[in-house]
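In what follows, a single structure is set out as structure tokens and then discussed.
Bear in mind that the values in this text are calculations on the coordinates, not laboratory data. Fair warning: this is a prediction, and the values are worked out from it, not measured in the lab. Neighbour counts run over all protein chains shown; Cβ positions are idealised from the backbone, glycine included.
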């Protein structure tokens, strides 16, 4: 994949402390972007920014909770003041809660939507207001294949990710006239701390790859769990000029696990 159009720009990445968010920050930095590594974990954000700078890249750490509208507006102001106009905003910050609907509490439902959907709204809105005025920009939301295919014990999580995906695509329709593109990358099972937290033994990865007919879940046709870098490459492509005619798209990066239903 070519990553032209990224070198020399500023990219804001939420959830940058670990997992997919950190991989996205690394990939955009490798492509030449100055990265604003954002997370509500101060140490994690700082560690990502330090690692990028140690590798010779330009990066700065920012602490913000995407659930807080005012904090997000202040974040975007700070990034643009410190680093320059944001050309790429990537929504990766997310939380996971699992379990049957009948056992899902109000607090879990509220937290999933506060981070996974409302957080995307806050960050995207703040970035869009600035990008539209400049006539350029790219917003990418990292969603989930659970947003498009029903999953047992993931109803609330899938619903929150579906909301984020539809919001991002609708925003892309509104911003198209301004030359701002909005896309979604929907990973399947990816080797992150969040994914490993769902495993109950040393054969967790093997069981995910094999699938579980009892829970109506297919396996992964490509026979492997995704690496965070696989997701980061897709994000970087959609942010780049190579995807200049792509907007409102939802790119599944799941090894074929959903059979693209």
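Kirkwood hydrodynamic radius of segment 103-145 from all distinct Cα pairs, in Å?
One over the average 1/r among Cα pairs gives 12.0 Å for segment 103-145.
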Highest-MSF residue in the chain out of 168, 192, 14 [GNM, Cα springs under 10 Å]: 192
Let me check against my output: what whole-number percent is the relative contact order of the chain, with C-alpha pairs under 8 Å and at least 6 apart? 20 percent
On the principal axes of its Cα set, how long, how wide and how thick is segment 79-220? Give whole Å, largest value first. 51, 30, 28
So what are segment 4-45's ellipsoid semi-axes, whole angstrom, largest first, if each one is the square root of 5 times an eigenvalue of the alpha-carbon gyration tensor? 19, 9, 6
So if I restrict to the alpha-carbon atoms in segment 121-168, what is the Rg, and what is Dmax, the biggest pairwise distance, in Å? 13.5, 43
Over all Cα pairs of segment 49-89, how is the pair count split among 10 Å bins, expressed in % and running from 0 up to the last occupied bin? 27, 48, 23, 1
Listed residues 181, 67, 151; largest mean-square fluctuation, Gaussian network over the chain with Cα springs below 10 Å, found at 151
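Just the Kirkwood number for segment 148-261, please: inverse of mean 1/r across all distinct Cα pairs, in Å, one decimal. All intermediate terms of the calculation are to be shown ahead of the outcome.
Details: mean 1/r = 0.0648 Å⁻¹.
Answer for segment 148-261: a Kirkwood hydrodynamic radius of 15.4 Å.
Using the beta-carbon distance between residue 130 and residue 203 and R0 = 41 Å, what value does 1/(1 + (r/R0)^6) give for FRET efficiency, to the nearest 0.05? Please list the in-between numbers first.
Values: r = 47 Å, r/R0 = 1.16.
Once rounded, the FRET efficiency stands at 0.30.
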Against the longest alpha carbon principal axis of the chain, how many degrees, from 0 to 90 and to the nearest 10, is the axis of helix 42-54 turned? 60 degrees
Could you tell me the extents of segment 1-86's C-alpha atoms along the three principal axes, largest first, rounded to whole Å? 35, 24, 21
If only Cα atoms are counted, what is the Rg of segment 61-132, and what is its Dmax, in Å? 14.4, 47
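Quick check on the chain: of the DSSP beta bridges with both residues there, what percent are antiparallel, nearest 5%? Don't skip to the answer; put the middle values down first.
Working: 1 of 30 bridges.
So the antiparallel bridges amount to about 5 percent of the total.
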Kirkwood Rh in Å, taken over segment 201-250 so that all alpha-carbon pairs contribute: 13.3 Å
Helix 155-175: angle to the longest alpha-carbon principal axis of the chain, degrees 0 to 90, nearest 10? 30 degrees
Where does helix 119-134 land angle-wise versus the long Cα axis of the chain, in degrees 0 to 90, nearest 10? 30 degrees
Per principal axis, largest first, the Cα atoms of the chain extend in Å by 52, 37, 36
How large is the helix-only mean residue ellipticity at 222 nm for the chain, computed as the sum of -39500 (n - 2.57) over DSSP H runs with n ≥ 4, divided by its residue count, in deg cm²/dmol to the nearest 500? -12500 deg cm²/dmol
